[in-house]
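Q: Sending over a structure as structure tokens; questions will come in a sec.
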Amino acid sequence: MIYPIIPYGEPVLRQKAATLELGTDLKTLIEDMFATMDVASGVGLAAPQIGKSLQLFVVDVSYFVEDGKAQPDKYRKVYINPIVEMSHPHTIVYHEEGCLSIPGIFAEVPRSKSIRIKFFDQNWEPREEELVDMPARVIQHEYDHLLGKLHIDYLPADKRLLLEPQLEDIKQGRIQVDYAIQYNNNNN
Ligand code: ZN
């Protein structure tokens, strides 16, 4: 099924997501998350964005790597119970980010250029990866969702203030997007 996206203002986006019990059957949920991400033309989707406060996200970073589209399995990936560490020494890079839960608002976000991530894959195999540049950025954005953090949180106070009217519009449903949005989500 395709889930509606939970928008800015809903409490689930500010919660720390729950750790999943080892071996939990996530097959259907993962398929649905990929389908939901694709319909919304996202490059990543975290479980809280469909109202599930769980330590799980999916990404498709094939857009950002050369020849990525030719190897979809390599770049469409599932991260369960992840732990992200910044690589040392770490370099901070700024780049514009969007978020399916905050449509129309783009923010220059400082991120570590490279990261190390430990996680379980969809088969509950423990894995570890080193990522750089855009794949590292996408992962950091999705990982933040599991901590209740959003890209706008990185903006300086004056810029954030300027966005308040737009953020209020999102909260109140005064937005137009070409994917389904769900308010008053109680499905935790
Ligand atoms: Zn997001």
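Q: Tell me the residue from V58, V78, V39 that is open to solvent by less than 70 Å² (accessible area, probe 1.4 Å) and more than 15 Å from the ligand (Cβ to nearest atom), please.
A: Just a single option satisfies the conditions, and that option is V78.
Q: In region 57-75, what count of residues is obtained for those that are in contact (Cβ under 8 Å) with a residue 12 or more places away in the chain and touching a Phe, Trp or Tyr at 6+ places or on another chain (Cβ under 7 Å)?
A: Qualifying residue count for the region: 6.
A quick yes/no check of all residues on (1) of a type outside the set (A, V, I, L, M, F, W, C); (2) within 13 Å of the ligand (Cβ to nearest atom); (3) modelled with pLDDT of 95 or more; (4) open to solvent by less than 80 Å² (accessible area, probe 1.4 Å):
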| residue | (1), (2), (3), (4) |
| --- | --- |
| R127 | yes, no, yes, no |
| G148 | yes, yes, yes, yes |
| D169 | yes, no, yes, yes |
| I175 | no, no, no, yes |
| N184 | yes, no, no, no |
| N187 | yes, no, no, yes |
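Q: The conditions are (1) more than 14 Å from D144 (Cβ to Cβ); (2) modelled with pLDDT of 95 or more; (3) surrounded by fewer than 19 Cβ atoms within 10 Å (Cβ to Cβ); (4) not hydroxyl-bearing (S, T, Y), and P89 fails exactly one of them. Which is it?
A: Exception for P89: condition (2).
Q: Confirm whether V138 is under 24 Å from L26 (Cα atoms), within 14 Å of the chain's Cα centre (by Cα), within 11 Å of the ligand (Cβ to nearest atom) and open to solvent by less than 80 Å² (accessible area, probe 1.4 Å).
A: yes
Q: Determine which member of the set G51, G98, G44 is buried (at least 20 other Cβ atoms within 10 Å of the Cβ), modelled with pLDDT of 95 or more and within 25 Å of Y8 (Cβ to Cβ).
A: Of the residues listed, the single one that is buried (at least 20 other Cβ atoms within 10 Å of the Cβ), modelled with pLDDT of 95 or more and within 25 Å of Y8 (Cβ to Cβ) is G44.
Q: Taking region 107-118 on its own, how many of its residues are within 16 Å of the ligand (Cβ to nearest atom) and surrounded by 15 or more Cβ atoms within 10 Å (Cβ to Cβ)?
A: Number satisfying all stated conditions: 3.
Q: Could you identify the single residue in D144, D121 that is under 25 Å from T19 (Cα atoms), surrounded by fewer than 22 Cβ atoms within 10 Å (Cβ to Cβ), at pLDDT 95 or above and within 15 Å of the ligand (Cβ to nearest atom)?
A: Residue meeting the stated conditions: D144.
Q: Go through region 98-150 and give me each residue that's aliphatic (A, V, I, L, M), in contact (Cβ under 8 Å) with a residue 40 or more places away in the chain and under 18 Å from D73 (Cα atoms).
A: M134, V138, I139
Q: Then there is this: Just to be sure I understand, how many residues within region 1-36 are open to solvent by 10 Å² or more (accessible area, probe 1.4 Å), in a loop (DSSP other than H, G, I, E, B) and within 16 Å of the ligand (Cβ to nearest atom)?
A: 7
Q: Which of the residues that make up region 70-92 are in contact with a strand residue (DSSP E or B) (Cβ under 6 Å, 6 or more places away or on another chain) and not hydroxyl-bearing (S, T, Y)?
A: Matches in region 70-92: R76, K77, V78, I80, N81, P82, I83, V84, E85, M86, H90, I92.
Q: If K52 passes every condition in (1) outside any loop (DSSP other than H, G, I, E, B); (2) within 16 Å of the ligand (Cβ to nearest atom); (3) over 12 Å from the mean Cα position of the chain (by Cα) but one, which one does it miss?
A: Among (1) outside any loop (DSSP other than H, G, I, E, B); (2) within 16 Å of the ligand (Cβ to nearest atom); (3) over 12 Å from the mean Cα position of the chain (by Cα), K52 violates only (1).
The values are calculated or read from the model by the stated rules, or taken from the named source; none is laboratory data. This is a predicted model, so every value here is computed, not measured. In this analysis, Cβ positions are derived from the backbone assuming ideal geometry, glycine residues included, and neighbour counts consider all displayed protein chains. Ligands, DNA and RNA are stripped out before the accessible areas are found, and what is left, the full protein with its side chains, is counted by its heavy atoms. Shrake-Rupley method; radii C 1.70, N 1.55, O 1.52, S 1.80 Å.
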